[in-house]
Amino acid sequence: MTSTTQQHRIGSGFGAHSTAAEVVAGVDLAGRTALVTGGYSGLGLETTRALATAGARVIVPARRPEQARRALAGIAGTEVDALDLADLESVRAFAGRFLDSGRALDLVVANAGVMAAPETRVGPGWEYQFATNHLGHFALVNRLCPALSPHGARVVALTSSGHFLTGVRWDDINFRTGYDRWLAYGQAKTANALFALHLDRLGAAGGLRAYAVHPGSILTPLQRHIPREEWAGRGWVTETGEPRPGFKTPEQGAATTVWAATAPVLDAYGGAYCQDCDLAESVPDDAEDMLAGGVKTWARDPVAAARLWSLSAELTGVDAFA
């Protein structure tokens with residue numbers, strides 16, 4: 001079973017080579033407040049830059065606040081606060097501080113994440129990538145729901161073609177047996193897409209829309225856990241260390257995020273999975289070309305999305321829509 005939102009390109013006027021700056025050219029975000037997790041490095045930094053350039057006030061929660069402040073020093077309209085997505089107490093504290101400020105929030109970009117990390121346990125034994133990439137953002141967005149503007153707030157959740165690797169492993173979601181860093185990453189990215197799908201279903205009546213974004217293949221600090229010698233073996237770089245054709249720059253990688261955050265046309269496509277500044281095409285479940293992208297059925301399954309939401313609410317103890 002798949003979502004009723006179509007998954008076919010709609011002709012946005014942008015494409016794989018568009019940059020975040022091009023997407024926001026002429027967009028006025030003055031008076032809007034955005035939050036970008038991990039918004040001080042890689043794609044997140046370019047997302048923050050584009051949104052701030054368009055006039056938004058951008059809040060950047062960071063696990064390393066001082067590093068974030070240095071990275072954002074030249075970008076007006078930004079502010080930094082402490083947040084560790086792998087620590088639900090840190091999530092609660094950050095959300096509490098924001099709610100106490102009394103400000104409305106127009107946009108949340110769930111951008112921060114980890115890729116192919118070595119086996120690590122956090123909290124009550126949760127697998128690190130699922131806990132950070134999915135559960136932390138799930139708890140954060142739910143806790144921030146009282147501040148989300150009723151006038152068209154959006155949540156953009158970054159997923160990736162990593163979801164090709166696996167759906168949700170319901171029988172062992174924390175990889176207590178047979179840990180595989182890539183399958184754990186793939187499960188977390190599927191979870192990101194399902195989170196956006198179900199959040200949109202729950203929030204649409206109240207003016208909240210949500211979208212999943214595959215930014216494309218980009219070499220950023222996200223790959224820090226992957227040895228350089230493995231990059232060539234995976235076909236990411238040439239023999240001289242240059243990105244392979246088909247890889248994007250960080251400015252191009254952030255474009256789809258910014259498009260999903262601002263494009264009026266997307267009001268008609270809530271819950272959609274986006275790629276290359278457009279809706280992604282559905283691909284067969286046996287598709288292997290991750291560079292080409294697209295979206296598999298298990299990342300668009302509303303039954304799985306509802307099941308994951310219920311499980312995440314149980315694990316985190318937070319559900320704004322209960």
| query | Do we have any residue at all in the range 99-117 that's more than 19 Å from the chain's Cα centre (by Cα) and touching a residue at least 60 places away in the same chain (Cβ under 8 Å)? | reply | yes
| message | Please count how many residues of the range 25-47 are of a type in the set (S, T, Y) and under 14 Å from L158 (Cα atoms). | response | 2
| remark: Counting only strands (runs of 3 or more DSSP E) wholly inside the range 1-111, the ones holding at least 2 residues that are farther than 18 Å from A263 by Cα are 57-62, 78-82
| query | Can you name the residue in the range 20-65 that is over 19 Å from P250 (Cβ atoms) and among the β-branched types (V, I, T) and is also surrounded by the fewest Cβ atoms within 10 Å (Cβ to Cβ) among such residues? | reply | V27
| request: Would you point out which residue out of A306, A299, A292 is in contact with a strand residue (DSSP E or B) (Cβ under 7 Å, 6 or more places away or on another chain) and either farther than 25 Å from G203 by Cβ or aliphatic (A, V, I, L, M) (or both)? | output: A299
| message | Could you check the range 150-165 and list, in sequence order, the residues that are assigned to a loop (DSSP other than H, G, I, E, B), of a type outside the set (V, I, T) and in contact (Cβ under 8 Å) with a residue 60 or more places away in the chain? | response | G152
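To keep it simple, each residue is scored yes or no on (1) without any contact (Cβ under 8 Å) to a residue 12 or more places away in the chain; (2) at positive phi; (3) among the basic types (K, R); (4) surrounded by fewer than 22 Cβ atoms within 10 Å (Cβ to Cβ).
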{"residue": "G167", "(1), (2), (3), (4)": "no, no, no, yes"}
{"residue": "D172", "(1), (2), (3), (4)": "yes, no, no, yes"}
{"residue": "Y179", "(1), (2), (3), (4)": "no, no, no, yes"}
{"residue": "Q187", "(1), (2), (3), (4)": "no, no, no, no"}
{"residue": "N192", "(1), (2), (3), (4)": "no, no, no, no"}
{"residue": "A205", "(1), (2), (3), (4)": "yes, no, no, yes"}
{"residue": "Y211", "(1), (2), (3), (4)": "no, no, no, no"}
| query | In the range 85-98, which residues are without any contact (Cβ under 8 Å) to a residue 24 or more places away in the chain and either closer than 15 Å to R64 by Cα or aliphatic (A, V, I, L, M) (or both)? | reply | S90, A93
| Selection count where residues are under 16 Å from the mean Cα position of the chain (by Cα) and of a type in the set (D, E, K, R), scope the range 125-154 | 1
| message | What are the pairs with Cβ atoms under 7 angstrom where one residue, in the range 12-36, is farther than 22 Å from I218 by Cα and the other, located anywhere, is of a type in the set (D, E)? Sequence gap at least six, or different chains. | response | R32/D106; T33/D106; A34/D106
| remark: Residue hits (the range 277-302; outside any loop (DSSP other than H, G, I, E, B), among the β-branched types (V, I, T) and surrounded by fewer than 20 Cβ atoms within 10 Å (Cβ to Cβ)) are T297
| request: Please report, ordered by residue number, the helices (runs of 4 or more DSSP H) entirely within the range 171-276 with at least 2 residues that are out of contact with any strand residue (DSSP E or B) (no Cβ under 9 Å at 6 or more places or on another chain) and at pLDDT below 95. | output: 181-203, 228-233
| message | Among the numbered criteria (1) over 23 Å from S310 (Cα atoms); (2) surrounded by fewer than 23 Cβ atoms within 10 Å (Cβ to Cβ), which one does P215 miss? | response | (2)
| said: Exactly one condition in (1) out of contact with any Lys or Arg (no Cβ under 9 Å at 6 or more places or on another chain); (2) surrounded by fewer than 22 Cβ atoms within 10 Å (Cβ to Cβ); (3) in contact (Cβ under 8 Å) with a residue 40 or more places away in the chain is false for P264; which is it? | reply: (3)
| query | Within the bounds of the range 61-84, is there any residue that is touching a helix residue (DSSP H, G or I) at 6+ places or on another chain (Cβ under 9 Å), among the hydroxyl-bearing types (S, T, Y) and without any contact (Cβ under 8 Å) to a residue 40 or more places away in the chain? | reply | yes
| task | Give A188, A184, A196 a once-over and let me know the one that is in contact with a helix residue (DSSP H, G or I) (Cβ under 6 Å, 6 or more places away or on another chain) and either of a type in the set (S, T, N, Q) or under 30 Å from T19 (Cβ atoms) (or both). | result | A188
| request: Determine, yes or no, whether A263 is among the small types (G, A, S) and more than 19 Å from the chain's Cα centre (by Cα). | output: no
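The values are calculated or read from the model by the stated rules, or taken from the named source; none is laboratory data. Just so it is clear, the structure is predicted and the values come from calculations on it, not from any experiment. Note: ideal-geometry Cβ built from the backbone for every residue, glycine included; neighbour counts use all protein chains shown.
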